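For reference, the structure is listed below as structure tokens.
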Amino acid sequence: MKKTTAALVFLYLWTNTGTFTPPPGSKCGAPQVWSSLVHALRVVGGVEATQGSHPWLVSLRKKGLTFCGGAILSEHWIMTAAHCFSSTSRESFRSVRVVIGDFDQHIFDEEEQVFTIKGIFVHEKYHHTLPMNYDIALLELNQPIQLGKRVQPVCLPLRDDHTQPDTNCIVAGWGRTKERGHLSSTLREVQLNLVEPAKCKYVLQTVKSSMLSPQRLNRPPPALTVLCAGPETGGRDAWGLGGPLVCPVGSAGGHWVALGVTSWGKGCGRSWELNNSRPPSQRGSPGVFTDVKLMLPWIKLTLRHAELKQLGRPLSRLCSVQDGSVTDTEGVIRNPASQHRYYDNNQLCVWSINVPAGYSILIEIEHLDLENDSYCLYDRLTLSVGPQKPVGILCGVFHPRYLFLNNSHHASVFFSSDVSAVGTGFTMKYRAVPELTDPGCDTVVLVQNESNIHSPGYPQHYMNNCMFRWVIYAPQGHIIKLSLTDFELEESSRCLYDSLAVFGDLEGTEDIAVLCGISVPPPVISYHSVMVLQFTSDSSVTHRGFRAHIEFIHHSDLHQEAKPCEKKCNKDLPDDQIHTTQFDSLTGQRRVKAADPQQSSEAFDYQNFSYESSGMD
């Protein structure tokens, strides 16, 4: 039992993630009361919300009437839409009241609080003639908010995160329940799916082309700073202008981030799938939201400026140290600039590392001390080799020693900090290397070409207490096939001692298999164009390790090859149902997972190999 515990602790510390359960008092995006829509598949028109399920939502009122919504970012700051204050003078905004913790507007709720506004910060590029663009504002309150069970901030998205179209998000507010209908006195919520950006832009051109191409103003077409959400058939729409569009992040959906600010819409829940065949007055649109991720630099700079002003420090930049492009063949990147100091809140730093062609980049992490979280949602350091190609996402204090970006002479380093809680930051060295012949333990290796890989030290015995990871990216339209040609790891129940874990994503939320023992496993196929391998050994008993070949297979070739195997590989399933066979990490019993049409339909039975979900950093 002692050996098992040591192995699990070591695995957790380095990967720094796992199945996420929001702890009590989470700083943002973790309501202690769940929305009734979290597990709902479809909701037409929305429903009354559960009290406390939107603890970040605020009501902006004049003369007792709600005119807009907003979202709590911190004890002093509210995010809302710019158009809510585009015509508000300094004298009139003094009459605005910011109501926190409200549910039923006819009564004073248990944690309800009322505040006045100290300052309004409207995005400088917002203009009332183009109300869909840069429609965002921040409100600074005169007094701090008292946080509680039903009053919590929402998380801001991270710049390097990617949210898939069709993600189910939620909007809440006290708006109209139907077009020309009455305002709701109790909080209501509706589930909306994100719309693909190209489709969003197209449908907006059918209803508001002048907003996207304002030739009448003799201006160039503005950048599209919005995202859309809602079904083409209508029936569901956003309530409460200025309120947040919140979407779940993490495999368990335990955290919510504000991806959008409710901005605009044509009609109320109208269908928009056949707009071009309808007269302009009858056309509809999805809900239109300001894209918060695009606004992150402005948000962070505004908050940073206010914080530094309060501390009597001059505003430097969005990043407190010099970032940007670095072209030396070796160097150091750090934040803060000197040791034994703490980095600032509300930072967004980007470094671009470029070394000569023909070289690869070796990064050594010398120091890491960032605010810790299971999914690195608050402060994080990300190393990436391209759009949606992260190699490492780091926070806390535990980290790999080296990251080897094989066959890549360009890399990006992103550092972001949120509104509170800091550490002593990070220090990393980088250098251009022609190759890395035999990297040791505590290393992450990027693989972007078909190649052979092996465990550290192979064919000699691997070391005890070793952790090694391969992050593999296939070309677009391909998946990854891992063929093990030699395999010998310490055998144990559920592979708790030494193991090779296979995941379908960097965070470790898409687990495929965990392998150990002395029999060569059958090939393993990825779900998508990324596969992550993690080799782990404990404090005793070592073996020869493994050797494997990585191959990229085009989707069309995979489907052709898989057809003869369907009945053979799924002989225990109905003929009309193709599944991927796996094992449950808790019970050890075999389970089946419906195959994605974009994934492999080839199935392998890992009956002789233990399967267990593992965490990733």
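Every number here is computed from the coordinates shown, using simple stated rules; none is lab data. What you are looking at is a predicted structure, and each value in this text was computed from that prediction instead of being measured. Neighbour counts are summed over all protein chains in view; Cβ atoms, including those assigned to glycine, are modelled from backbone coordinates with ideal geometry.
Descriptive notes on the structure:
- Pairs from Lys149/Lys300; Lys63/Lys118; Lys149/Lys309; Lys293/Lys389; Lys62/Lys293; Lys149/Lys293 whose Cα-Cα separation, in the structure shown, is over 20 Å: Lys149/Lys300; Lys149/Lys309; Lys62/Lys293; Lys149/Lys293
- Cα-based shape type of segment 339-385, given that a ≥ b ≥ c are square roots of the gyration tensor eigenvalues and the cut on a/c is 1.5: prolate
- Residues Asn193 and Glu551, FRET efficiency given R0 of 45 Å [Cβ-Cβ distance, rounded to 0.05]: 0.80
- Computed from backbone phi, the HN-Hα couplings of segment 399-413 come to 7, x, 6, 10, 10, 9, 8, 5, 6, 10, 9, 9, 8, 10, 10 Hz, rounded to whole numbers (Karplus: 6.51 cos²θ - 1.76 cosθ + 1.60, θ = phi - 60°; Gly and Pro given as x).
- Between segment 501-559 and segment 129-147, the Cα center-to-center distance that results, in Å: 47
- Annotation: extensible slack from Ser493 through Lys125 equals 126.5 nm (criterion: 0.36 nm per residue apart, minus Cα-Cα distance).
- Once the chain from Gln388 to Ser92 is taken as fully extended at 0.36 nm per residue, the excess over their C-alpha distance is 102.1 nm.
- Sites Val47 and Arg317 - FRET efficiency at Förster radius 56 Å, r taken between beta-carbons, to 0.05: 0.80
- The listed peptides 72-80, 197-205, ordered by packing as a protection proxy, come out as 72-80, 197-205 (highest mean of other Cβ atoms within 10 Å first).
- The calculated FRET efficiency for Gln476 paired with Leu224, based on their beta-carbon distance and R0 = 35 Å, is about 0.90.
- Cα gyration tensor shape of segment 282-344, rounded if a/c is under 1.5, else prolate or oblate by comparing a/b with b/c: oblate
- Gyration tensor (alpha-carbon) shape descriptor, segment 310-389, a/c threshold 1.5: prolate
- When both segment 480-497 and segment 329-350 are represented by their alpha-carbon centers, they are found 39 Å apart.
- Here Leu533, Leu138, Leu301 are placed in order of increasing Cβ neighbour count within 10 Å, fewest first, which gives Leu301, Leu138, Leu533.
- Per-residue Cβ neighbour counts within 10 Å put Met428, Met463 in the sequence Met463, Met428, beginning with the fewest.
- Label-to-label distance, nm, for residues given as Ile518 and Ile107 (7 Å Cα→Cβ offset): 7.0
- Fewest-first ranking of Trp174, Trp298, using other Cβ atoms within 10 Å as the exposure measure: Trp298, Trp174
- Close amide H pairs (under 5 Å, H built 1.01 Å from N) link His255 with Val249, residues at least 5 positions away or on another chain.
- Residues whose amide H comes within less than 5 Å of that of Val226, counting only those at least five positions distant or on another chain, are Asp291 (H built at 1.01 Å from N in the peptide plane).
- Of the peptides 59-67, 392-400, the ranking by mean beta-carbon count within 10 Å, highest at the top, reads 392-400, 59-67.
- With Cα atoms defining each centre, segment 418-463 and segment 187-205 are spaced 40 Å apart in the structure.
- In nm, spacing of pseudo-spin labels at Phe398 and Thr233 (7 Å Cα→C-beta vector): 4.7
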